[in-house]
Every structure is written in C-alpha cells, then in structure tokens.
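Let me begin by presenting the structure, written as structure tokens, before commenting on it.
The values are calculated or read from the model by the stated rules, or taken from the named source; none is laboratory data. Remember, it's a predicted structure, so these values are computed and weren't measured experimentally. Here the Cβ positions follow ideal geometry from the backbone for every residue, glycine too, while neighbour counts run over all protein chains shown.
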Amino acid sequence: MSHLIAPSVLSANFGNLNKDIELINRSDADWFHLDVMDGVFVPNISFGFPIIKAIKKLSTKPLDVHLMIVNPDNYTLAFKEVGADILTVHLEACSHLHRSIQNIKNLGMKVGVAINPHTPIESLKDIISDIDLVCLMSVNPGFGGQKFIENTFEKVRDLKILIEQKKSKALIEIDGGVDLKNYKKLIESGANVLVAGNTVFNSENPTETIKLLKA
C-alpha cells in the first residue's frame, strides 16, 4: 500500500476550523489526526468531545484520534460516540494495556498504541499482533512545532522487523516533526502513516504540501 497522510488538526486555525476541515477533505490527505491532551499525561491541554463531534459532522475522511491522557479506559465509549474511527492510547498511560486494546476493538474502532521517544520497541512485542497501528512519537508529546528526534529512523526499522517477525498487520505512524526534509527517509525506513501539523498548516499552500508529502 502507498503511505497515508494524516494532517494534525492541532495546528489548524481554530478561528476558522470549517475552512481547514474542508481543505483536508478536498486534499490528498487520508485521515484527520486529532491530538487529545489532558494537561496531566502531557503538559498541555488541547480539545475534547465537542470539537471532535463537530469535526466528524464535517469530515469525509476517518478520524485518527490520539489520546495523550491518563485513564483512557474511562473515555473509550465516549470517543466512539463522537466519531473516532481509530483510537490510539499510550502504552505509558495504560496499566492493563491488553484490556484497553480489547475494549477499543470490542466497540468497533481500530486500535493504535503510541509510545514516547524513550520507550523501547521491545515493549510492544506482546501486543503487536493485536493492534492496527503503532504511533511512534518522534518528539516529546505535548506541543507542536518541536524538532524531530533523529533516532526515530532506527526505531522505525526496528519496529518493522518486529511487525514482520510477529506477522502483525500493524501500520507504523510517525507523529512529530515530520517535514519535507525527512518524510522520504521515514517512508524508506518503513513508515506507513505520516502525521503533519505545522508543515501543512503553516505552509503557503497546504493542499500542495499534502500532495508533496503524499507523492
């Protein structure tokens, strides 16, 4: 399969969100990426259920919801109800990760597991066959516009090997610092999904930037 592009709505213009949603709808992007932060798991607060529900009404593409929150199990059903198609939880936030994964799957959503830059790939080996997506954080989570962590390339390659060894169908998603300088190397290393926020929405022509990232 060709790689997927998931623009991060966190970098959109919330003063005119309708316009940016329509931009993504019309573009070559594949998913909407929605970062939900609680100010506890990460040192920032983003948006919650009303925003996601509004985006779902306007979007023509799947919602890829990335939970950077503590106790994600408490909200799994609520995210399903407001329109999440893919729900990603952080390994570091789940005391019983296998149970969290099964809860999401049982609600009919695709399930992803995210890991922070310091978390080793080996920590995924017991659950990699149960999930649809691994979100590799290529910056420390919490804020957009951070510098890409170069060690991510090696982690992508290591994760690709693990996925093949376990005969998993999980996609590899990269979140943080993806730009026009590193996206090709990420794809060559084995990435399947690229999340891009500032690179898309801060460009002079976001639609053309998405097309370049997709090419």
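A few notes on this one:
- Screening the candidates THR88, THR60 for the property of being within 24 Å of ASN192 (Cβ to Cβ), buried (at least 22 other Cβ atoms within 10 Å of the Cβ) and among the polar types (S, T, N, Q) yields one hit, THR88.
- Just one residue in the set ASN18, ASN13, ASN25 is in contact with an Asp or Glu (Cβ under 7 Å, 6 or more places away or on another chain) and either within 29 Å of GLY190 (Cβ to Cβ) or in contact (Cβ under 8 Å) with a residue 12 or more places away in the chain (or both); that residue is ASN13.
- The range 49-86, residues that are of a type in the set (A, V, I, L, M) and more than 18 Å from the chain's Cα centre (by Cα): ALA54, LEU58, LEU77, ALA78
- Here ALA78 clears all of (1) in contact (Cβ under 8 Å) with a residue 12 or more places away in the chain; (2) in a helix (DSSP H, G or I); (3) within 20 Å of VAL193 (Cα to Cα); (4) aliphatic (A, V, I, L, M) except the condition numbered (3).
- Looking only at residues of the range 161-186 that are closer than 24 Å to ASN25 by Cβ and either of a type in the set (A, V, I, L, M) or out of contact with any strand residue (DSSP E or B) (no Cβ under 8 Å at 6 or more places or on another chain) (or both), we find that the one that is surrounded by the fewest Cβ atoms within 10 Å (Cβ to Cβ) is LEU180.
- Residue tally, condition touching a residue at least 24 places away in the same chain (Cβ under 8 Å) and surrounded by fewer than 22 Cβ atoms within 10 Å (Cβ to Cβ), over the range 63-75: 3
- Just one of the listed residues (ASP73, ASP28) is of a type outside the set (A, V, I, L, M), at pLDDT 95 or above, outside any helix (DSSP H, G or I) and out of contact with any Phe, Trp or Tyr (no Cβ under 6 Å at 6 or more places or on another chain), and it is ASP28.
- Cross-chain or 6+ apart pairs with Cβ under 8 Å, the range 130-143 first and under 20 Å from ARG157 (Cβ atoms), then surrounded by fewer than 19 Cβ atoms within 10 Å (Cβ to Cβ) and among the basic types (Lys, Arg): LEU133/LYS110; VAL139/LYS147
- Looking only at residues in the range 91-129 that are closer than 28 Å to THR60 by Cβ and not hydrophobic (A, V, I, L, M, F, W, C), the one that is surrounded by the most Cβ atoms within 10 Å (Cβ to Cβ) is GLY112.
- Restricting PRO50, PRO62, PRO43 to residues that are farther than 29 Å from GLU188 by Cβ and modelled with pLDDT of 95 or more narrows the list to PRO50.
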